[in-house]
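> Pasting a structure here, questions to come.
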Amino acid sequence: MASKNALITGITGQDGAYLARLLVDKGYQVFGLHARRSTDTLWRLRYLDVLDQVQLIDGDLCDQGSAIRAMQKSQAVEVYNLAAQSFVGTSWEQPALTGQVTGLGATHMLEAVRIVNPQARFYQASTSEMFGLIQETVQSETTPFYPRSPYGAAKLYAHWMTVNYRESFNLHASSGILFNHESPLRGIEFVTRKVTDAVARIKLGKAKELRLGNIDAKRDWGFAGDYVEAMWLMLQQDTPDDYVVATGTTTTVRDMCRIAFAHVGLNHEDHVVIDPRFYRPAEVDVLLGNPGKAEAKLGWKAKTDLETLITMMVDADLARVAKE
C-alpha cells in the first residue's frame, strides 16, 4: 500500500507528538508545520522517538502564505489542525493573540486546503471549553455552546468555520470536541502536570507545597495517546462529522491531587495550598462528555482510566526531576 502524506499543525505539542507517532507507525509520511521559537519545542517528538521520522516545515498559522506553502510542500491528503494558543489562563492575558492563532489560524489552514487540495481531509481540534457555562449536565454534540474564556470563544469560531467550509465547499472537514486529555508530555502550565511535577518535587525534597486555585472544579480527563486515535478515525470515515471525545467520567481537581500524592505515599492535604491568584475570571465548574457517538460510529472508546494516567505522569515526572 502506498504511504499517505499527512500534515500536522501543532506537531510539537502534546497531541501533535502522539499523533505523529501514531501516523508514522501506520506508514504515513508525516509533515509538521513548525513555528520557530527560541526555546526547545522539539522535546516531545524526541521523547516519543519520532523526531527523525517527521519532516518539519517552517511556518506560522498567523500567516496565510505559510499554510498554503505547507500544503504545497507536504502534498498532504490528511490535515490535522492542532496548533493553538491552548492555555486557557493565558487567553485572558493575550486575547487578541489567542484569537489570531487559535481562531483565525484554523481559517488560514482551511483556506489552504480549499486552494491547494480540496480533496484532502481536514481535522479541527475543537474543545470542551466551548461548552463553558454548561447548558446540559452531560455534554454531547447537540449541547449548546457557551464559552467562558477567550480561548473557548476562539475555538468556537474555528469550530464553526470548519462546519462552514464543510457545508459551503464540500470539504471533508471534521471536528473532534475533545475533553481534557493529559500525558507525561502535557505542558507544565496545565493543572495535571502542575500537580504531578509538584508531587515529584515534594517527594524528592525539592519543594514543600503546591499552590492551586479552584480544586473543586470537575473535569473529564483522559489520556492523549488514546484521543489521537479518535482524530485519525474521524478522517477514515466516508462522511465528515463532529464528535465528542471523552471518557464519560468526571473528577475534581481535589481527587486528582489525592491520587497523585497517594501514589508516592503522601497526603495531598499536607501540601496543597489554595491560592486566590489561580482562580479564573470566569470559572468553568463542571465538564462531562458523552462519547456515545464516537463509540457507535468510530468504534472508539477511552482505554486509560484516570488513576493509571496520573500514576504514569507522576512516574515520568519523578524520573525527570531526579535527573535535574
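> Report the charge-dipole magnitude of the chain in Debye, nearest 20, computed about the Cα centre from +1 at each Lys and Arg Cβ and -1 at each Asp and Glu Cβ.
520 debye
> Please report the antiparallel percentage of the DSSP beta bridges confined to the chain, to the nearest 5.
5 percent
> If a/c stays under 1.5 just call it rounded; otherwise compare a/b with b/c (prolate if a/b is bigger, oblate if not). Do that for the chain, with a ≥ b ≥ c from the square roots of the Cα gyration tensor eigenvalues.
Prolate.
> Now for a different question. Nearest 20 debye, what's the magnitude of the dipole of the range 145-285 about its Cα centre given +1 on Lys and Arg Cβ and -1 on Asp and Glu Cβ?
680 debye
> Something else about it: VAL264 versus ALA96, label points 7 Å from Cα toward the beta carbon: distance in nm?
4.2 nm
> Through the Karplus equation 6.51 cos²θ - 1.76 cosθ + 1.60, θ set to phi - 60°, convert the phi angles of the range 142-154 into ³J(HN,Hα) values in whole Hz; use x for Gly and Pro.
9, 5, x, 8, 7, x, 10, 7, x, 4, x, 5, 5
> Would you pull out the residues with amide H under 5 Å of GLN29's amide H, same chain only if 5 or more places away, H placed 1.01 Å from N?
Excluding prolines and chain starts, which carry no amide H, the hits are LYS4, ASN5, ALA6.
> Give me the dipole magnitude in Debye, nearest 20, for the range 1-107 about the Cα centre, with unit charges on the beta carbon: positive for Lys and Arg, negative for Asp and Glu.
For the range 1-107, the charge dipole is close to 180 debye.
> Right, something else. Using only Cα atoms, tell me the angle between helix 224-234 and the longest principal axis of the chain; keep it within 0 to 90° and round to the nearest 10.
Value to nearest ten degrees: 20.
> Which is the longest part of the chain that has none of the trypsin sites (Lys or Arg not before Pro) sitting in a DSSP loop with at most 10 other Cβ atoms within 10 Å?
38-324
> Please identify which residues in the range 107-122 have an amide N closer than 20 Å to a label point set 7 Å out from the Cα of GLN75, following the Cα→Cβ vector.
Those under the cut-off are 112-122.
> Exceeding 21 Å between C-alpha atoms, which entries from my cross-link table qualify? They are LYS4/LYS26; LYS26/LYS303; LYS208/LYS323; LYS194/LYS293; LYS303/LYS323.
LYS194/LYS293; LYS303/LYS323
> In addition: With 10 angstrom as the radius, rank LEU178, LEU298 by how many other C-beta atoms surround their C-beta, starting from the fewest.
Lowest count first: LEU298, LEU178.
> Let me ask something else about it. Collect residues whose amide H, placed 1.01 Å from N in the peptide plane, falls under 5 Å from the amide H of VAL272; neighbours closer than 5 in sequence don't count.
LEU210
> Still on this structure, please answer the following. Describe numerically, in nm with one decimal, the distance between label points set 7 Å from Cα along Cα→Cβ at SER3 and at ARG277.
Label at SER3, label at ARG277, 4.8 nm between them.
> Between GLN55 and ASP285, what is the spin-label point distance in nm, taking each point 7 Å from the Cα along the Cα→C-beta axis?
Distance between label points: 5.2 nm.
> What 222 nm value per residue comes from the helices of the chain, counting each DSSP H run with n ≥ 4 as -39,500 (n - 2.57) and dividing by all residues, nearest 500 deg cm²/dmol? If you can, show how the numbers build up before the last one.
Details: 11 runs with 123 residues, N = 324.
Computed mean residue ellipticity for the chain: -11500 deg cm²/dmol.
We did not get these values from a lab; they are worked out from the coordinates using the rules stated. Since the structure is predicted, the reported quantities are computational estimates derived from the model, not experimental observations. Every residue, glycine among them, receives a Cβ derived from its backbone with ideal geometry; neighbour counts consider all protein chains shown.
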